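The values are calculated or read from the model by the stated rules, or taken from the named source; none is laboratory data. The structure presented is a predicted model; accordingly, all values stated were derived computationally and were not measured. Positions of Cβ are backbone-derived with ideal geometry, glycine not excepted, and every protein chain shown enters the neighbour counts.
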Amino acid sequence: MTAATGLASLGLDEIFRRFAEEAGIPGLAFGVVAGGRLVHQGQIGLADHAGGQAVQDGTAFRIASMTKSLTAVCILTLRDRGLLQLEDPLERHLPEAAGLSAEGADDPSITLRHLLTMTAGLVEDDPWADRQLALADAEFLRLLGGGVALTRRPGEAFEYSNLGYALLGQVAQRVSGKPLADLAREVLLRPLGMEDSVFDFASLTGTRRARGYRREGAGYVEEPPLRDGAFGAMGGLWTTVADFARYVGFQLSAWVGEELGSPLLRASSRREMQRGHIVVPPRDHPAPGGGPSGYGLGLFVAESARLGRVVYHGGGLPGFGSHVQWLPKHGVGVFAFSNLTYAPLSRPVFEALELVAEAVPAAAPETPPEWSWVQQRVSSLYEGEGSGAWAELAADNLLLDRPAERRAEELRDLRQRLGPVLQVAPPVFSGRLRATWRLRCEGGQLEVECWLAPPRPLRVQVLRFRAVDPSPPA
């Protein structure tokens with residue numbers, strides 16, 4: 001199955017339809033990205049419950065905290081242009097925030113990196129901050145002037161802060177000389193062709209905008225939409241499935257390679273966003289599928305034993321709930337928008353993502369030339385080459401840790417049990433200098449674990465063998 005065909009047969013529509021029904025969601029839209037583009041989408045229910053208007057292809061939803069990664073893109077773009085550094089103290093760019101400085105004599109100052117990674121020491125603030133979205137800049141600065149308490153020392157631990165991203169929005173405005181919404185349009189939305197993505201919902205006339213609701217008893221009450229304001233950087237973007245698919249494809253493309261000459265945020269900076277910078281307590285923010293997770297720059301990052309890296313973020317505001325997840329290893333992503341307050345969409349998104357990952361296998365990385373050589377030499381040694389071949393392969397320590405004669409004897413025993421090599425599987429890498437692979441032999445399989453030493457020319461510092469399947473391969 002290719003990325004672009006057959007996805008409808010996976011039952012993705014049914015996953016979201018069933019969830020919308022169980023959760024009592026008025027309207028929902030979802031999209032699947034593979035190969036850098038939108039390959040499947042669906043719409044369920046009503047964008048306007050009172051008016052009976054169905055969710056359509058171009059319906060815009062407010063995606064709430066999923067906005068944070070776009071704010072991070074704006075800050076990193078300014079960094080890459082040399083206009084700021086992530087280690088800059090916050091007050092260098094926003095003097096009004098001096099009251100947030102260290103409280104103890106030995107406490108560090110809050111930096112832009114602290115804000116991006118949710119380690120500034122600000123308290124988790126969803127209940128309060130979600131109602132501050134429309135706060136005017138002048139009111140925001142007065143809020144800062146009145147003093148802001150910290151709950152812990154800067155840099156000490158992860159704690160999710162919307163206020164932190166509102167502060168980053170103000171920094172972006174001061175450094176660029178334009179509101180965050182205008183900066184985002186210039187450096188991201190317009191270049192990606194996200195023409196239906198806006199911070200000010202007033203431009204979404206008629207049926208183009210989903211109306212947000214909260215549940216009250218058996219019915220729904222419409223939540224008046226908050227205008228874009230000083231907290232828009234933490235959660236103010238409205239977007240459509242088609243537009244947001246372009247953004248997910250843009251983030252996934254960072255793992256394909258650098259786009260030389262591209263005016264957009266460079267691939268290395270996007271990969272920096274998608275790397276965990278601080279551990280996230282699982283009890284507070286459980287990762288999709290369980291397992292350890294961290295926070296990058298505007299994005300959560302989890303490591304799944306089966307799927308590899310999972311990059312994700314949710315969003316919730318009065319009237320809306322959203323979630324996105326993507327897999328760099330597979331080059332696929334799934335996201336969903338809804339018009340119900342804090343709708344918990346992570347579960348159906350992950351369920352759909354697992355199916356998509358099975359349908360779109362991870363691309364096999366190219367084997368670097370030095371690894372091809374190492375694999376050839378190991379296979380030759382297994383087949384019985386003399387001890388001189390060990391010296392050619394070994395780093396300084398390898399034959400001191402265990403002599404060549406002992407290693408050759410081990411391989412002779414394995415060769416007698418498993419027989420000759422029929423196929424050498426591609427290596428699975430853990431970084432660039434560590435890999436495992438399997439020799440598929442006549443009588444079973446042999447797993448090889450190999451670490452290369454750092455000096456060039458690259459030679460082997462660790463080499464281990466393990467018979468993993470005593471029966472012949474199918």
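Worth a mention:
- Selection within the range 148-175 - among the polar types (S, T, N, Q) and closer than 21 Å to residue 133 by Cα: 161, 162, 170, 173
- Looking across the range 186-208, just one residue is of a type in the set (Lys, Arg) and loosely packed, with under 15 Cβ neighbours inside 10 Å, and that is 190.
- Considering the range 435-454, the residues that are in contact (Cβ under 8 Å) with a residue 24 or more places away in the chain and under 22 Å from residue 391 (Cβ atoms) include one that is surrounded by the most Cβ atoms within 10 Å (Cβ to Cβ), namely 439.
- Criterion violated by residue 109 - all others in (1) modelled with pLDDT of 95 or more; (2) over 20 Å from the mean Cα position of the chain (by Cα); (3) among the hydroxyl-bearing types (Ser, Thr, Tyr) satisfied: (1)
- For the range 350-395, a residue qualifies if it is polar (S, T, N, Q) and in a helix (DSSP H, G or I), and the qualifying residues are 372, 375, 376, 379, 380.
- Residues that are in contact (Cβ under 8 Å) with a residue 40 or more places away in the chain and either hydrophobic (A, V, I, L, M, F, W, C) or outside the structural domain of residue 271 (by TED's automatic domain parsing) (or both) number at least 3 in the following helices (runs of 4 or more DSSP H) confined to the range 49-150: 68-80, 112-116, 137-145.
- Any chance residue 300 is surrounded by 23 or more Cβ atoms within 10 Å (Cβ to Cβ), farther than 25 Å from residue 464 by Cβ and either out of contact with any helix residue (DSSP H, G or I) (no Cβ under 6 Å at 6 or more places or on another chain) or of a type in the set (A, V, I, L, M) (or both): yes
- For residue 409, the criteria (1) part of a helix (DSSP H, G or I); (2) within 30 Å of residue 329 (Cα to Cα) hold in every case but one, which is (2).
- Looking across the range 190-205, the residues that are outside any helix (DSSP H, G or I) and among the hydroxyl-bearing types (Ser, Thr, Tyr) come down to 197, 205.
- Residue among 212, 164 that alone is surrounded by 15 or more Cβ atoms within 10 Å (Cβ to Cβ) and closer than 29 Å to residue 294 by Cβ: 164
- Close contacts from the range 173-191, counting a first residue that is at negative phi and a second that is among the charged types (D, E, K, R) and in a helix (DSSP H, G or I), with Cβ to Cβ under 9 Å and a gap of 6+ residues or different chains, come to 173/137; 173/182; 176/182; 176/186; 178/186; 179/137; 189/243.
- Answer from 211, 271, 215, 227 - the residue that is assigned to a strand (DSSP E or B) and not aromatic (Phe, Trp, Tyr): 215
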